[in-house]
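Derivation of every value follows stated rules applied to the coordinates shown; laboratory data play no part. For clarity, every value in this text was computed on a predicted model and none was experimentally measured. When we count neighbours, we look across all protein chains shown, and the Cβ atoms used for this are built from the backbone with ideal geometry, even at glycine.
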Amino acid sequence: MDVPALVDHHCHSVVAADLADDALAGLLTESDRPPAPGTSPFDSALGLAVRRWCPPALGLPVHAPAADYLARRRELGAAEATRRLLAAAALDTCLVDTGLTAAAGRPLLPLTEFAEAAGARVREVVRLESVAEAVPATAGDWPRAVREALAGAAAGAVAVKSVLAYRHGLAVPPERPATAAVVAAAGAWLRSGHGRLTDPVLLHHLLWTAVDVCAELGLPLQLHTGFGDPDLTLHLADPSLLTGFVRAAEPSVVPLVLLHGYPYHRQAAWLAQAFPTVYTDLGLTASYTGPRVAEVLGEMLELAPFGKLLFSTDAYGLPELYLVGSAQFRHGIGELLTRWRAVGACSEADAERVVRLVAADNARRLYAL
Amino acid sequence: MDVPALVDHHCHSVVAADLADDALAGLLTESDRPPAPGTSPFDSALGLAVRRWCPPALGLPVHAPAADYLARRRELGAAEATRRLLAAAALDTCLVDTGLTAAAGRPLLPLTEFAEAAGARVREVVRLESVAEAVPATAGDWPRAVREALAGAAAGAVAVKSVLAYRHGLAVPPERPATAAVVAAAGAWLRSGHGRLTDPVLLHHLLWTAVDVCAELGLPLQLHTGFGDPDLTLHLADPSLLTGFVRAAEPSVVPLVLLHGYPYHRQAAWLAQAFPTVYTDLGLTASYTGPRVAEVLGEMLELAPFGKLLFSTDAYGLPELYLVGSAQFRHGIGELLTRWRAVGACSEADAERVVRLVAADNARRLYAL
Amino acid sequence: MDVPALVDHHCHSVVAADLADDALAGLLTESDRPPAPGTSPFDSALGLAVRRWCPPALGLPVHAPAADYLARRRELGAAEATRRLLAAAALDTCLVDTGLTAAAGRPLLPLTEFAEAAGARVREVVRLESVAEAVPATAGDWPRAVREALAGAAAGAVAVKSVLAYRHGLAVPPERPATAAVVAAAGAWLRSGHGRLTDPVLLHHLLWTAVDVCAELGLPLQLHTGFGDPDLTLHLADPSLLTGFVRAAEPSVVPLVLLHGYPYHRQAAWLAQAFPTVYTDLGLTASYTGPRVAEVLGEMLELAPFGKLLFSTDAYGLPELYLVGSAQFRHGIGELLTRWRAVGACSEADAERVVRLVAADNARRLYAL
C-alpha cells in the first residue's frame, strides 16, 4: 500500500556528534539507568526494529547484529550516518518540540540545521514548562509574565506542548486554580531557587495559561500521556484522568492532542471520539512495540475517529529513531489495512483514505500547515 | 460457521421517523457533540462496519460510500429501510431497555411496534434510575416508594438495569447506605426540584434496592460499565471498582451482568470468572470496534467462562445498529473460532458450543426465556 | 521452533491424592466458589488448553471431552496420571513457592517427592507472609524476630515471594513505615489472635524486611501482581501502584520480579524497561488465556526487555497445570516468533535467542542457578 509523504507532528532533534556504543544503546530505551546485569537495550522490540530498518541505510543487510551495525556506524561517522538515516526516513514535515536541547549529554541540532539534515520542512512546538521555568518575575507578576512569555514563544510556533504527566501526573482538578493560590505557590517556588517546576498549583495554572494562549493564537495544545521515562508513574499518566479538564476546556475549542497514550491508547481513543476537541497520536508507541505495531495501531483505530489519529515518531537524539518511526508506521498501517481488506472489512479506497488521514492530512488540517 | 438464532440481551428501540443525514451520522458515535471540523462519524471503525453490512440490505453493494447509502435510504424511506435492516439482523429475541424513549430528538418505537418491525420476541429491561426519578414521594417515604415502584415496573420484565456509571461512576462503598442518610439525601433532592438523580447516596441506595427487588423476583441486574457517551468518565466506569459491591451482594445470588466493559473487558472477564454471580457482555463493543471485533472478542474469552459471556447489540435509535451488531458478532466469533480451529486450539464441536452459549443459550438460561 | 529445557521460576506443588471430578474442575478456575448454575470450569480458555495438551499424555486423543478425560484419569489413578503429566511437561528446573501446602483440601507433595515426580531439579521460594505469621514474638521484638525468621527460611532458598496484592493491594507508600507504628500494629495483631496478616503497616514493613534480607542474601523478591482468586481486588493489583516502592528500593539493587501482571502486563513490561531492578513474568497468564497465549505474550514483549521476561507455569495442585503451562509457552512463543519471522520482523537467530532467554537463560542468570 502506498503511504504518502509523512507529517511527523511530534518529534525532537538529533545529536550530531559521534556517540559511544553505550550512549547510543541508552537512547533505545525509556530508561535513563544503566541496563540490568547481562541485558542489552538491543534485546527488545525496539532493538529488533532498529536492526530491521536501519542497517540497509548504512549498506548492511537487514537484521545485521548490533555489533556489526555499531561498527559500520562508527566507520561512516555520525554525520554521514545521520544524513543517510534521515534521508531514508523520508519525512515531509517535522513539528519539533524544542523543550529538550540535549540527549546523552550532547547538544541536539538547532532547528535550521536539523531541517537541512532531514531534508524536511520544520516547524516548532513550544514546551510550556520550559518557557515558564525561564521567565524572570516576582511572584505577583508571575502569572502575567508567564502568559506573555508563552504568547511570545508560541507566536511563530505551530503548537504548545505540556509535560504535566512527568511533573505531577494527569490527575488535575477541572477548574482553574485561584490567582491567590498561584501567586503564593509562585512565591514559594521562586524563593526555593526557581528550579524544575513540580508544584501542582503552578503546573495546573500553566495548563490553563496554555489554553488561553492557544485559544488566542489558534494553536493546538499537545499533552504527553502514557509511557515515558522512569520520571513518570504510569497509572498517573492515564489520559482518562484529564476528562474533567477536557470538559472544562471545551468552550475554548482549543484542540487537545493526547500524545502516545500507550498502554492507555484505547482510553485516549475514546476521548477522541467523545470530545470534538480531543485528538490522539501514534507517537513512540509505533517504534517501541516493534513487531507488534500493526496490532497496537489496530487497538487505537477501534474507537479513534480516523480523522483524529496522527502519525508521529517522537524520535529523540538518534537519527535511527526517525527512520524506525517512519518505517514502522508505513509498514504497520500497511499490514493492518491489508488485513482489513483481506477479510472484507473495507474497500481499497477506504484503506487508502485512512492512511492519508493518519499519515499527513489530519496533521495538515489540525496545525494549519 | 453456523451461528444459531440470536438473543440480544441488551438493546434499545429504534426511531421510526426519517432522519436528516447529520442526525443519522450523529447516532454513529458515542459523542453527543457535533463532529470536529473536517471529520465525519462515518470515518471510523463503526462507520466501516455500517458500510460493510448495511448497503446490501438496501440493494447497494458492500462498502457503498456514505453519501450513496444515505441517498438510497432517503429514497426508500425510513419505514422500509427499518424493515429491511431489522429483517437482515435476524434476531430471535430482544431484551429492550425502556429507559430511553428518544434518539436524535425523535421518539423510539413502543415495544409492541418494535417487536413487529424486528420480527422478534421482545421483553422489557427496566431502567432503575428512570423508575426512581418518576416516583412521587416525600423524603421519609422515598425508600419504600421507590422499592414498590421498581417491584411494580419489574414484575413483567426480565431484568433491571443500572446506569450508575453515567451518574456517579462505579466507585461505591460496599455496604448499604444508612436509611437516615438516604432520607436526608432524598429530602435535598426533592427540594432541589426532583431532577436527574446524581446524588451518590441515592444512587447507591438504588443499587441495593435493585438487588432486593431482583432477589425477590428472581431477575438479573444489568450494570453499564466501560465506554459510553461523554457524560461518563472512563476510568470511573472500570468494573473492577464494583468488586466490593459484588462481594457484598453475593449472598443475594442476584446475577450481576456487566454490560460492554471495554476497554476494561478483561477486568470484567476476570470478575465473571472469580464470582459465580457475575456475567459479562459483548455489547456495543462488537459494533464500535468494526474490523477488530474478533480480536476484542478474543480478549474477552481469555478469562470469561464461556457460560458467562452474552451477545448483545446495544443498538439504539438506528436500525443499522441492529444489523451491524448482529453481523459483527456472527462474523467476529466465526473468524475467531475458525482461527482457534486452524491452530488446533479446540475441536469443531467445542467451537460450535462456544458460539451457541454466547449467541443465545447463556441468555436463555440467565433470563429464564 | 525448538524450545530449550525450561526453568519454571514460579510454581507450587501438586496434590498426590485422587480428586473428585468437582474438586479437580475447581482447580481449573481462579474462583474458590462453586460454578454458577449451568456452567462448568471446563468451558473456558483454560479448559480448552487442558483438553488440548493433556489427553495424549493419558493415551486419549487431543480435545477428548472432559467426561472421557476424567474417566481415564480415574482409571489410571492419580499417581500414574501425575507421573505421566509431569513427565510430559518436561521441566528442567522448578522454583517452588512453599507458602501453600494444600489444594482442594488435600496436602501438596513435599519438595523432594515433587522433584522426584517431576523429574526436575527443585529449589524453594519462601513466602514472606507465611513465614511472618508463624513467628512467635512479642510486639516489641516482632520486627527483629521476623527478620531473623525470614533470613533463616531464605538461607537455602532462591527467592522470597510476597502476596501483598492479596492482603492489601499494591498501593503502598514508598517510604519504610516507622518502627513505632510497626510495633503498635504488631501488638494489635498479636492481641487479636495472631491470624492472617492483613494490617497494611505490618504488610508494608514485611516488604521492606524482604528487601533487607534479599539484599543480604543476594536473592530476588517475587511479588504477585494482576489477576488471582476472588480475595484480591483487581485494580489494586496493578503493578504500576508499586512504582514509588520500586524507586525507593532501587538502591538495594534487589531484583523485583512482578509475577503474572495480567491484565496489567503492559504496565509490568514498562516497569521492567524503565527500572533495572524490575523483571516480569509470564505466569498463569499463559495457561489461563488458552488459545490467546501468543497474543498476550506479544503484548508483554512490546515493552519488556527480552532479558527481563521469565517463563513460569504458576501451576498449583493439578499436574495438568504443569503440562498446560509448559505446552502453552512452547506453543505460544513458537507461534508468535514464527509470525515475526514470517513478516520479516526478526532473523531466525533473533527468534531463537528470545526463546532461550525467556525459557531459561533469564531465570538462570537472575536466580544464579
Rough spin-label spacing in nm, given labels placed 7 Å along Cα→Cβ, for B:A188 and C:A368: 6.0 nm
Number of partner chain Cβ atoms within 10 Å, mean per residue of A:340-349: 5
Packing rank of A:281-288, A:161-168, where each peptide gets the mean count of other beta carbons within 10 Å, highest leading: A:281-288, A:161-168
Over region A:6-367: Rg over Rh, Cα atoms, Kirkwood Rh: 0.97
In range of the label at A:E75: residues from region A:46-63 whose backbone nitrogen is under 19 Å from the point 7 Å along Cα→Cβ: A:51-63
Order of C:D231, A:D2 under a 10 Å beta carbon neighbour criterion, fewest first: A:D2, C:D231
Inter-copy separations for B:T138, label at 7 Å along Cα-Cβ, nm, ascending: 6.2, 6.2
Fraction of the pair-distance distribution of the protein assembly as shown above 55 Å, Cα-Cα pairs, percent: 15 percent
Antiparallel bridges, percent of DSSP beta bridges restricted to the protein assembly as shown (to nearest 5): 10 percent
Which of C:P291, B:S312, C:F275, positive extreme of dipole for the protein assembly as shown (C-beta unit charges): C:P291
Net charge of Cβ neighbours under 11 Å - reference A:D32; Lys, Arg +1; Asp, Glu -1: -2
Cut-off under 5 Å, modelled amide H: who pairs with C:L310 long-range: C:T280, C:D281, C:L282
For B:D8, C:D199, order by how many other beta-carbon atoms lie within 10 Å, fewest first: C:D199, B:D8
Antiparallel DSSP beta bridges within region A:6-367, as percent of all bridges there, nearest 5: 10 percent
Shielding by partners, peptide C:263-272 (average Cβ within 10 angstrom, other chains): 5
Inter-label distance for C:A342 and A:E250, nm, one decimal - labels placed 7 Å from Cα along Cα-to-Cβ: 4.5 nm
Residue-by-residue Karplus 3J(HN,Hα) for region B:25-33, coefficients 6.51, -1.76, 1.60, Hz, glycine and proline x: 4, x, 8, 9, 8, 6, 6, 10, 9
Among C:322-329, A:270-277, the order from most to least packed when residues are scored by Cβ within 10 Å on average: C:322-329, A:270-277
Mean Kyte hydropathy of -0.5 or more with a Cα span along the axis of at least 30 Å, helices from DSSP in chain B: B:319-342
Using a Förster distance of 30 Å, the FRET efficiency for A:D68-A:E148 (Cβ separation, nearest 0.05): 0.05
Label-to-label distance, nm, for residues given as A:D229 and C:A215 (7 Å Cα→Cβ offset): 2.5 nm
Amide H contacts of B:E124 (H built 1.01 Å from N, under 5 Å, at least 5 apart or other chain): B:V96, B:V158
Built amide H within the under 5 Å cut-off of B:Q222, gap 5+: B:V160, B:K161, B:S162, B:V257
FRET efficiency for A:E352 and A:R121, using Cβ-Cβ distance with R0 set to 22 Å, rounded to 0.05: 0.40
Shielding of C:55-67 by partner chains, average beta-carbon count, 10 Å: 1
Sorted peptide list for B:251-257, A:28-34, A:173-179, criterion being average Cβ within 10 angstrom, highest first: B:251-257, A:28-34, A:173-179
Size of region A:194-334 as Cα extents on the principal axes (Å, biggest first): 41, 36, 29
Total charge dipole magnitude, the protein assembly as shown, about the Cα centre, Cβ charges on Lys, Arg, Asp, Glu only, Debye to nearest 20: 120 debye
